Amino acid sequence: MKFKLSISHYFVLYFFLLMGLYHYKIKTYFYWLYIAELKDGDFDFAFFQFFVAVVLFFINLFFLNTLRRTKLVFIVLSIFFALLTIPSLIAFTSTGMYPTELLWYHQGFFFALYLFSKIRIDFSKVPVINKTQALYLLLGITSIGVVPYLIIYGPHINLKNLFLIDVYQTRGVMSKLSNPYFGYTYSIFTKIIIPLIIVFSLELKKRIWVLVGALYLILFYLFGAHKAVYGGLLVVLVFYRFSYSQSVKFIVKYSALFAVACLLLAWMNLDYPWILTFRRIHFIPTLLDICYTDFFDGQPLYWSESILKRFLEYPYDVRHTNLIGEVYFNRPDMSANNGLISDGFMNFGTLGVVINIFLISIYFMVLNSLKIPAKYFGLFVLVIFSFISSSLFTVLLTHGAFALLFVAIFLLNDKTGVNQNY
């Protein structure tokens, strides 16, 4: 008799494998050792905190399993659970180094997403553009929107970048030529509009427009030499044929298998796989939460570096990312990006965290109220990652989150009910 593992089984495996990797290797990385020295503490294992973390994990998993697996919120909450909640629970098992309030902030975010998903907004009367009209609209927007890029960046295009040569030199040149238009539209074109052109063209079997979309993507890559431009399209195409539950199972299953591989390789003193993956993706944001809450405790910025900079004076000479890099990692050139929890705390303490949690929960509540077929989920992956590693208003305004919300309402909402592959 063949035993088939469920999504819950894979989450349990993933949790304990990640726990083992963290205590075996990750907390011995020099970043953790340096911060432990700064705070005059250590990241030793604490049995009581381990017990609390395990109990909370199974409570979280129980609520996750009560969600309908055909709804967008199931995969959104699953990804945040895997990338934020679980690392938070694991970090909490270290004696005294991970503040208890951080654990509750992350638990609050998990349950806020869950509860807000129960609220529905009626979009039945909002008109939706059909796929053919949407395709030509997106092609028109891109054809017009690319003109300023061609005028400013065109003379500096380096075709060697196609072979990953002179990439950083090109980035240096292009960054000096940037302006607000490029800053606000580049992510929208590369993460949303052009991937949608390609996906809609595939759906409608318009091969010529698939080619045009691919050429536009290459052109935008040459404007900045950002390899992540291709990442957005790759993610969209990977998730194109999966349902929401299939996507979650795929992600957690292969994450668990890769964790096994990293543990075996670490046992053989081959550390680069876990350093480049689990350390960077799962636990650097958790470590930065510790740094941000420690540094900005009692001295919030009140958004003086972002939306309120016209009204409040920013108190430091360098950006907050470089400030944290210098103080906690002894690297002034390091850009220590913060995510939704640390960004909220940095700006307004606990109330700032609550504000961020509320706004992001509202954002996904709106998306969950729409009937978005699972084949479009790849468009949302990069936005989810951005919320984890960037300031909230940066994600909304320059990483395309607002634009994606608009696109989801007027282009992706399936009002016909024909496509049930949610």
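Structure summary
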read-out	value
Which numbered condition LEU219 misses (of (1) more than 15 Å from LEU138 (Cα to Cα); (2) open to solvent by 10 Å² or more (accessible area, probe 1.4 Å); (3) free of Cβ contacts under 8 Å to residues at least 60 places away in the same chain; (4) assigned to a helix (DSSP H, G or I))	(3)
Extreme residue, farthest from TYR29 (Cα to Cα), among residues of region 328-355 that are β-branched (Val, Ile, Thr) and open to solvent by 20 Å² or more (accessible area, probe 1.4 Å)	ILE355
Residue check for ASN419: modelled with pLDDT under 85 and open to solvent by 10 Å² or more (accessible area, probe 1.4 Å)	yes
Lone qualifier among PHE385, PHE358, PHE406, PHE410 - being surrounded by fewer than 21 Cβ atoms within 10 Å (Cβ to Cβ), farther than 23 Å from TYR240 by Cβ and not small (Gly, Ala, Ser)	PHE358
Residue in region 231-252 that is farther than 30 Å from TYR136 by Cα, open to solvent by 30 Å² or more (accessible area, probe 1.4 Å), among the β-branched types (Val, Ile, Thr) and part of a helix (DSSP H, G or I) present	yes
Residue tally, condition touching a residue at least 60 places away in the same chain (Cβ under 8 Å) and open to solvent by less than 40 Å² (accessible area, probe 1.4 Å), over region 253-262	4
Residue match in region 147-154 (condition: in contact (Cβ under 8 Å) with a residue 24 or more places away in the chain, under 30 Å from SER361 (Cβ atoms) and surrounded by 14 or more Cβ atoms within 10 Å (Cβ to Cβ))	no
Residue that is most open to solvent (accessible area, probe 1.4 Å), among those in region 278-308 that are among the polar types (S, T, N, Q), over 12 Å from LEU84 (Cα atoms) and touching a helix residue (DSSP H, G or I) at 6+ places or on another chain (Cβ under 6 Å)	SER306
Within region 158-167, considering residues that are open to solvent by 70 Å² or more (accessible area, probe 1.4 Å) and touching a residue at least 12 places away in the same chain (Cβ under 8 Å), the one nearest to TYR221 (Cα to Cα)	LEU162
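The values are calculated or read from the model by the stated rules, or taken from the named source; none is laboratory data. Treat the numbers as computed from the prediction; the structure is a model and nothing was measured. Virtual Cβ from ideal backbone geometry, glycine too; neighbours counted across all protein chains shown. Each accessible area value is taken on the protein alone, full model and side chains, heavy atoms only, with ligands, DNA and RNA left out. Shrake-Rupley method; radii C 1.70, N 1.55, O 1.52, S 1.80 Å.
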